[in-house]
Structures are given as C-alpha cells and as structure tokens.
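The values are calculated or read from the model by the stated rules, or taken from the named source; none is laboratory data. Predicted, not measured: the structure shown is a model, and the values here were computed from it. Cβ placement follows ideal geometry from the backbone for every residue including glycine, while neighbour counts extend to all protein chains displayed.
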Amino acid sequence: MKESDILKTNTFIQGAFIATFCIIISKILGIIYVIPFYAIIGEQGGALYGYAYSLYNIFLAISTVGLPLAVSKIVSEYNTLGYYNCKERAYKIASKIILIMSIISFLILFVGAPLLATAIMGDVTGGNTKEDITLVLRVSSLALIFVAILSVSRGYLQGHKFIAPSSISQVVEQFARVILIIFGSFITLKILHLGLPIAVSVAVFGATFGAVIAVLYLQHKIKKNRSQLKRDEEITEEEKQITDKQITKKLIMYAFPLIIISIITSSYEIVDTMTVVKTLVNGANFLTNDAESVIGVISTWGSKFNMIVTSVSSGIIVSLIPNITSSNVKNDQKDVANKINQTIQIILLVALPMTVGLSFLSIPVWGVFYGYESIGPIVIRLSIFTAFTSCLSTSMIMIAQALDEYKLVFVSLVSGIVLKICLNVPLMLLFNKIGIYPYYGAISATIIGSLTVTIINLIWLNKTRKVNYLQTLKQLGKVMISLIAMLIVMFILTYLIPLDVSNRVLSVAIIIIYTLVGSSVYLFIAHKTNVIKETFGDNIYSKIPIIRKYL
C-alpha cells in the first residue's frame with residue numbers, strides 16, 4: 001500500500017487545523033468560481049440559483065436525517081469502548097437508512113417542485129418564472145441521493161478521527177462541482193444559447209457531479225484501509241448483547257436532534273426566500289428585479305463570502321464531535337469544558353477579525369468579484385456578520401448534541417428560528433419607515449436569532465455542566481484590543497488609499513494592502529497579549545514558523 005493511502009488519526013487541534021484548511025480551500029474555490037459564473041448568468045440567474053439551493057438544503061437535511069454526524073459520534077463512542085463489531089454494524093445500518101431517506105426526499109422535491117415554486121413567487125411577476133424555479137428544483141433533487149451517501153462515508157472516517165481524507169474529499173467535491181458550473185453554464189448559455197434556466201440547471205447539477213467524484217475518492221480510501229478500519233478482534237460478551245435494533249435506535253436518537261438542527265438552520269434562508277422579495281416589493285416599493293437582486297446577494301452571491309468565515313466553525317466541528325464525544329464517554333468533564341472554551345476562543349480569535357475585515361472591505365471585495373454597479377456591497381457589509389454569529393451558534397449546538405443535551409438543542413434552536421420568523425417582516429418594514437435599508441431588517445433578524453441560540457447554550461452549559469467561561473472572557477478582551485487596533489490603522493489608511501474605486505486591478509491591490517496591514521497589526525497585538533498561544537497551546541504555537549521567526 002502506498003504511504004499516501006495509509007490513514008492516520010488526528011488530535012482535536014490537528015483535526016481542526018486540517019479540516020479548517022481543507023474547508024477554506026474548498027470555500028475559496030467556491031468564491032473564485034462566482035467571478036466567471038456571475039458574468040455568465042447575472043443577478044437574475046443568481047436569484048434562480050439561490051432559490052434552488054435554499055430549498056435543496058432543507059431536503060438535504062431531511063434526506064441525511066443528521067446521520068453523518070450521528071455516525072461520527074456512534075463510531076467514536078464504540079471505538080473508544082472497543083466495540084469494533086458494533087461500529088461496523090452501525091455504519092452499514094446508517095448507510096441503508098440514509099439511502100432510503102435520500103430517495104424519498106428526492107421524490108418529494110421532484111414531484112413537489114411546482115408547489116414550492118408557487119410558494120416562493122406568489123403573484124409577483126417580472127423576474128424568474130415559476131416554471132424556471134420548478135426546473136432548477138427538480139435538477140437539484142438528484143444531488144440528494146449522492147450527497148447523502150457521501151456524507152455518511154465522511155462521518156464514518158471522522159468517527160475514527162481520520163479527519164484528513166474526509167476533509168480532502170470536500171476539496172475534491174468542490175473542484176469537480178466548480179468545473180461543471182463554469183464550463184457547463186458557459187457552454188449552455190453562450191455557445192448553445194439554450195437560455196438562462198437551462199444554464200442555471202446545468203450549474204445546479206454540479207452538486208451531483210461533485211458528490212459522485214468525492215464518493216469514489218472516499219470509497220477508494222476506505223477500501224485501501226479496510227484492515228485498519230475493520231479490526232478482526234474477538235467480540236466481547238457485552239458487545240454481543242447489542243442488537244441491530246438497539247444500534248438503529250441509538251442512531252435515530254443521535255440523528256433526530258441533528259435533523260432539527262439542519263432544518264432550522266436552513267430555515268433561516270427559507271424565511272428570507274419566502275418573505276424578502278414580497279416584502280420589498282409590496283412594503284418598500286422595490287421593483288421586482290431589484291428585490292430579486294437583494295435576495296440573490298443574501299442567498300447566493302454574498303453567502304460565498306460568508307463561507308470563508310463559517311469554514312472556521314465547520315473545521316472545528318469535524319474534529320470536535322468525535323473528540324468531545326470520546327471525552328464525555330470517559331466522563332472527563334474537565335476536558336469537555338476545556339474543549340468547549342477552546343472552540344469559542346478559536347472562533348473569536350480567527351472568525352471575528354475575518355468578519356470585520358470583510359465588512360470593512362465590502363466595496364473593493366464585491367467589486368473584484370461582481371463589478372461596481374450593484375447593491376451588493378451595502379448588503380454584505382452587514383450580512384457578513386450573520387456568518388460570525390452562525391459560527392458561534394452552530395458550534396454551540398454541536399457541542400450540546402455531542403454531550404446528549406437534546407433538550408438544550410431543541411429549546412435554543414426553536415427560540416432562535418421563532419425570533420427570526422417573528423422579526424423578519426416587521427424589522428424590514430420598520431427599517432424602511434425610519435430610513436434604514438429595509439433588507440437590513442431581515443439580516444438583523446438572522447443575527448438576533450443566531451445570538452439567541454448561542455446565549456441559551458452558554459447559560460445552560462454553565463448551569464448544568466459547570467463550564468466556566470472566565471478564561472474565554474479574558475481572551476475576548478484581548479481579541480477586542482487587537483481588533484480595535486486593526487480597525488484604527490485601517491481607518492487611518494483610508495485617508496491615504498481610498499476604498500471606493502471602480503477598477504478591478506486597483507481593487508485587488510487595495511484588498512492586498514489592507515489585508516496585509518490589518519492582519520499584521522492584529523497578529524502582532526494578539527501575539528504580544530499571548531492570546532494566540534493561550535488559545536492554541538504551546539505545542540501548536542511553536543510549530544508555526546512565521547511566529548517563531550518574526551514575532
């Protein structure tokens with residue numbers, strides 16, 4: 001066997017680094033492709049693409065029923081206990097369940113597409129038609145089957161703490177998807193002249209194509225390491241008592257909160273999809289095309305920048321679930337508390353400055369990717385903060401789920417989405433009345449909902465698990481000092497190098513200059529206050545050459 005085919009386990013921090021790095025690469029690919037993709041299909045095509053993906057995400061959550069992370073958790077649990085036969089049975093059972101559920105979800109989305117298209121557009125005319133939306137929804141439905149199979153394979157490897165192959169598969173999946181999106185939409189629209197709906201449909205099919213390629217990659221890795229993954233050790237008496245029915249029940253118990261998590265998280269986008277266009281048109285006197293441009297930025301074009309920020313929490317979660325589950329099974333509550341605090345600290349240290357920086361540079365960043373005559377920079381200036389609050393809320397929910405705090409998961413998630421539903425339209429109307437951009441109301445409702453989820457989790461874990469956040473609060477203070485210093489320097493820099501330009505080359509240069517100056521100031525202050533070392537630990541800190549050499 002080639003050395004590159006041999007799987008190696010990863011610690012929490014190692015896994016978080018590997019997963020985050022691969023996810024960031026994947027997200028960068030996901031951002032870069034939008035430059036040509038936007039030029040090909042435009043804002044109306046972006047809105048159509050967003051309609052497909054917002055609903056696709058809901059059905060993906062249903063089809064996977066939370067099983068990927070449930071598999072990761074149960075495999076980690078049985079592996080820690082030495083129940084090797086049980087973990088293999090759990091993987092096979094989960095694979096069968098997820099295949100059945102994905103087929104059912106595919107049929108529901110495919111058949112119900114016309115009804116969903118009507119729900120989205122209502123009686124609004126002048127933009128994408130209900131027939132166009134129906135088409136892209138049906139094309140997206142096929143991906144449900146293959147993405148579901150892919151996700152359970154990832155969960156199986158993550159449960160063994162083999163973080164690298166599952167993370168690399170995301171890059172493979174994204175690369176294949178991006179290739180089809182760019183070339184497929186270009187050939188369809190610009191060469192074959194088959195129309196915008198067909199071009200967007202080909203782009204949507206990229207999800208299916210990418211998933212198939214990634215599945216083949218992961219199955220190759222699993223097959224090459226079968227002896228390492230499936231140990232032929234004698235089955236213990238305790239393990240013999242565990243039936244397939246019990247394993248299935250445990251998988252469902254672990255998965256049910258996760259499907260609620262996925263559905264409610266995706267519901268934030270659904271609420272916007274169902275309300276923003278109609279509210280802007282009927283309540284704020286927007287033209288339909290302008291309103292669709294706004295929802296296109298929120299759900300499609302602006303969300304590409306959000307992915308850079310949320311990749312931080314995504315990488316942490318991949319490593320966090322098996323590691324915190326293992327600590328909980330061992331009843332090592334001190335380590336559980338440490339991992340909770342370390343998760344929050346990493347998000348504050350890494351995701352917060354990324355969010356603030358992208359908001360500050362919204363004009364040149366948007367200009368580089370999409371041009372300069374657009375509402376986009378104004379929208380993402382605030383919407384990027386939904387990515388940061390999502391990092392916090394998603395990580396806290398995953399922690400609660402890994403600790404079997406199902407009541408906490410349900411209470412916090414329902415509280416967040418109820419606030420989003422109740423506030424979305426009223427805030428848009430209120431903001432419009434007082435002279436604030438009305439779509440900021442919908443974005444603010446998302447931020448409020450996510451923060452509510454985070455706060456409820458923090459309070460609950462403090463009271464029930466005695467998790468102390470004093471050190472994290474101290475770290476937050478140090479992060480804020482670094483962040484304020486960064487903002488002051490960047491603000492002063494605007495007098496020398498204005499941000500408002502209309503040239504892509506200049507915008508790229510401005511972004512590079514501001515990023516280098518801002519990040520240098522931030523990292524220097526963070527180093528001097530020891531926040532980096534205290535967050536990542538001496539072992540990881542000492543392995544970063546640039547810190548040793550220059551700081």
- Note on the structure: Exception for S327 within (1) modelled with pLDDT of 85 or more; (2) surrounded by fewer than 24 Cβ atoms within 10 Å (Cβ to Cβ) falls at (1)
- Among the residues of the range 331-380, which ones are crowded, with 22+ Cβ neighbours inside 10 Å, under 17 Å from M398 (Cβ atoms) and of a type in the set (G, A, S)? A351
- Query: Scanning the range 223-238 for residues that are surrounded by fewer than 18 Cβ atoms within 10 Å (Cβ to Cβ) and touching a helix residue (DSSP H, G or I) at 6+ places or on another chain (Cβ under 8 Å), which turns out modelled with the highest pLDDT?
  - Reply: K224
- Message: Can you list residue pairs whose Cβ atoms sit under 9 Å apart, with the first residue in the range 26-41 being over 19 Å from N128 (Cβ atoms) and in a helix (DSSP H, G or I) and the second being modelled with pLDDT of 80 or more and among the basic types (K, R)? Count only pairs 6 or more apart in sequence or on different chains.
- Response: L29/R177; G30/R177
- Message: Any residue at all in the range 456-465 that's among the β-branched types (V, I, T), modelled with pLDDT of 95 or more and under 18 Å from T386 (Cα atoms)?
- Response: yes
- Is there a residue in the range 397-414 that is in contact (Cβ under 8 Å) with a residue 60 or more places away in the chain, assigned to a helix (DSSP H, G or I), among the aromatic types (F, W, Y) and within 21 Å of I28 (Cα to Cα)? no
- Note on the structure: Of the candidates L392, L361, L429, the one satisfying the condition of being out of contact with any His (no Cβ under 7 Å at 6 or more places or on another chain) and under 30 Å from R465 (Cβ atoms) is L392
- Scan G45, G30, G15, G50 and give me the residue that is touching a helix residue (DSSP H, G or I) at 6+ places or on another chain (Cβ under 8 Å), of a type outside the set (F, W, Y) and at pLDDT 80 or above. G45
- Complete set of residues in the range 414-438 that are touching a Pro at 6+ places or on another chain (Cβ under 9 Å) and surrounded by 24 or more Cβ atoms within 10 Å (Cβ to Cβ): M428
- Task: With respect to F286, determine if the residue is modelled with pLDDT of 80 or more and at negative phi.
- Result: yes
- Of the listed residues (L423, L382), the one being hydrophobic (A, V, I, L, M, F, W, C) and either without any contact (Cβ under 8 Å) to a residue 60 or more places away in the chain or over 30 Å from V34 (Cα atoms) (or both) is L423
- Per the list (1) modelled with pLDDT under 80; (2) on the phi < 0 side of the Ramachandran plot, residue check on K161 breaks on (2)
- With I133, I98, I104 as the choices, which residue is within 30 Å of S327 (Cα to Cα), assigned to a helix (DSSP H, G or I) and of a type in the set (A, V, I, L, M)? I98
